[in-house]
Structure formats: C-alpha cells, structure tokens
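In what follows, a structure is listed as structure tokens, so that the remarks can point back to it.
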Amino acid sequence: MEDKNAFLDVVGYSPQAKILDVLITGREFDYSPTGIIRAADIGRATFYKVFPKLLKAQFMVPTRKLGNIQLYKINKKK
C-alpha cells in the first residue's frame, strides 16, 4: 500500500513526478541514479528513459562524483 503523498496526489504518479518528489523531498542530499530509482520505486529502464528529459529541462543537476558514479540533486535555481 502506497503512502499518501500530497505532491503526487496533485501532479500524478508518473515516473517524472516520482523522481522530482524524491529530489524535492531530499533537496539537501545528492543521489546516485540507483538511489533515485529505489526511492522513487520505478524501473531502471523507465528511469533512463525520462532521466535525459529532466536533465535537459534542468530540473536536476549533476553535483559530484563518487568514483565512477555521478550524483544529482534538484536544481534549486529552476
């Protein structure tokens, strides 16, 4: 059973909305792609389908790298 989420109740439970919800809720943290996938409860293929669109629209920005893993967070300037 999914928890109630006011943001997602309004904008819908699309993969893009779930990703943005994770990034907004944890706006002080940066996330790896795997971390976003797990927190948003979406499939890996779905994430990599919508991920470029969110980057291009500058909703999320790269922050730092841990080894070979790029981390991302919500773009607070958008």
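The values are calculated or read from the model by the stated rules, or taken from the named source; none is laboratory data. The shown structure was predicted, so the numbers you read here are calculated from the model rather than taken from an experiment. Don't worry about glycine lacking a Cβ; one is built from the backbone with ideal geometry, like all the others, and counts go over all protein chains shown. We work out accessible area using only protein heavy atoms, side chains counted, and drop any ligands, DNA or RNA first. Shrake-Rupley method; radii C 1.70, N 1.55, O 1.52, S 1.80 Å.
Some points to look at:
- Percent RCO, i.e. relative contact order, over the chain, from Cα pairs under 8 Å lying at least 6 residues apart: 30
- Among residues other than S32 with Cβ under 15 Å from its Cβ, the summed charge is +4 (Lys and Arg +1, Asp and Glu -1).
- With θ taken as phi - 60° and the Karplus curve 6.51 cos²θ - 1.76 cosθ + 1.60 applied, the whole-hertz 3J(HN,Hα) list for segment 27-35 is 4, 8, 10, 10, 10, 7, x, 5, x Hz, x standing for glycine and proline.
- Dipole moment magnitude, nearest 20 debye, the chain about Cα centre, only Lys, Arg, Asp, Glu C-beta charged: 480
- When the helices of the chain are scored as -39500 (n - 2.57) per DSSP H run of n ≥ 4 and the total is divided over every residue, the value at 222 nm lands at -14000 deg cm²/dmol.
- Each semi-axis of the equivalent ellipsoid for the chain is √(5λ) with λ an eigenvalue of the Cα gyration tensor; in descending order they amount to 20, 14, 12 Å.
- Potential extension, K65-A6 segment - 0.36 nm per residue separation minus Cα distance: 18.0 nm
- In this structure segment 6-74 gives 61 Å² per residue of accessible area when probed at 1.4 Å with all protein chains present.
- Each Lys and Arg adds +1 at its Cβ and each Asp and Glu adds -1 at its Cβ; summed about the Cα centre, segment 24-68 shows a dipole of about 200 debye.
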